[in-house]
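The values are calculated or read from the model by the stated rules, or taken from the named source; none is laboratory data. Since the model is a prediction, treat every value here as computed from it, not as a measurement. As a convention, Cβ positions derive from the backbone with ideal geometry for all residues, glycine included, and neighbour counts pool all protein chains shown.
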Amino acid sequence: MFGLDTFLILNCVIYVSSFEKDNFAENIIGKSLFEISDLLECKKNSLGFFPAEINEDEFSIILNTIKKNKELYEKIKIVDVDNSVYGNISGSDRVVNVTFLYEDNLIIVYKGTAGDFEWKDNVEGTYNISDTKQQRMALSYFDEMVEKFKDVKKVYVSGHSKGGNKSQYIGVLRGNMSKLERIYSFDGQGFNSIFLKKYNKEIENNRHKIFNICNEYDYVN
């Protein structure tokens, strides 16, 4: 069975730039994370940054963990990749959502902030909008995947940074679903007072399903 470390690895893996490429996304559908581990490369982007600022040595540890735990990671299959939304007007930095299937468990993972559009969305979410555009789009993707894979017994949602905020948003608005088991947010952005007031009842009812893992003294998250 998978644990919290598995969710962390899934969050790291989807930062690899290959997930933003249509041909890569199409070719890995139905394959296990173990199968594609040799295809995952930690390369610097055009700005000179590694994916999620994870360097080559750190990423090699992630890949070695996947390869050493074949029994687990060959059962975690990629069943959907959504990279259709661009983060910049230039067409760069795609928003990435990836859905995995582990036996009868669905795992939906949202990548962190992609481009200027999502940074703008981050700012809007801090002060004057209860439900931002990107949060609503993340919810729509969740609903689509739950409907597409309706026979699963349990659903887990996770994300890092912006993706963590999206996962918490889903936990609040869809936490009443019996098959939605847990939300694991890694350094997920918090919510403004308008959101907290609007969804006070839902937050109280569903908070037991939502876990936000943050660094100490991380005041944003």
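Can you name every residue in the range 185-221 that is buried (at least 17 other Cβ atoms within 10 Å of the Cβ) and among the aromatic types (Phe, Trp, Tyr)?
If the condition is that a residue be buried (at least 17 other Cβ atoms within 10 Å of the Cβ) and among the aromatic types (Phe, Trp, Tyr), then Phe186, Phe191, Phe195, Tyr199, Phe211 are the ones that fit.
Is it fair to say Lys179 is touching an Asp or Glu at 6+ places or on another chain (Cβ under 9 Å) and of a type in the set (Lys, Arg)?
No: the conditions fail for Lys179.
Which members of the range 100-131 meet the condition of being surrounded by 23 or more Cβ atoms within 10 Å (Cβ to Cβ) and hydroxyl-bearing (Ser, Thr, Tyr)?
Correct list: Tyr110 only.
Give Glu144, Glu118 a once-over and let me know the one that is closer than 21 Å to Glu20 by Cα, acidic (Asp, Glu) and in contact (Cβ under 8 Å) with a residue 40 or more places away in the chain.
Glu118
Can you find a residue that is exposed (fewer than 15 other Cβ atoms within 10 Å of the Cβ) and free of Cβ contacts under 8 Å to residues at least 60 places away in the same chain anywhere in the range 151-163?
There is at least one residue in the range 151-163 that is exposed (fewer than 15 other Cβ atoms within 10 Å of the Cβ) and free of Cβ contacts under 8 Å to residues at least 60 places away in the same chain.
Between Arg136, Arg182, which is part of a strand (DSSP E or B), of a type in the set (D, E, K, R) and surrounded by fewer than 21 Cβ atoms within 10 Å (Cβ to Cβ)?
Only one candidate passes the filter, namely Arg182.
State all residues of the range 187-221 that are among the aromatic types (Phe, Trp, Tyr), within 18 Å of the chain's Cα centre (by Cα) and at pLDDT 95 or above; if no residue qualifies, say none.
Hit for the range 187-221 is Phe211, nothing else.
If Thr6 satisfies all but one of (1) surrounded by 15 or more Cβ atoms within 10 Å (Cβ to Cβ); (2) modelled with pLDDT under 85; (3) among the hydroxyl-bearing types (Ser, Thr, Tyr), what's the number of the condition it fails?
Among (1) surrounded by 15 or more Cβ atoms within 10 Å (Cβ to Cβ); (2) modelled with pLDDT under 85; (3) among the hydroxyl-bearing types (Ser, Thr, Tyr), Thr6 violates only (2).
Can you pull out every residue in the range 54-92 that is in a helix (DSSP H, G or I) and of a type in the set (A, V, I, L, M)?
Within the range 54-92, Ile61, Ile62, Leu63, Ile66, Leu72 qualify.
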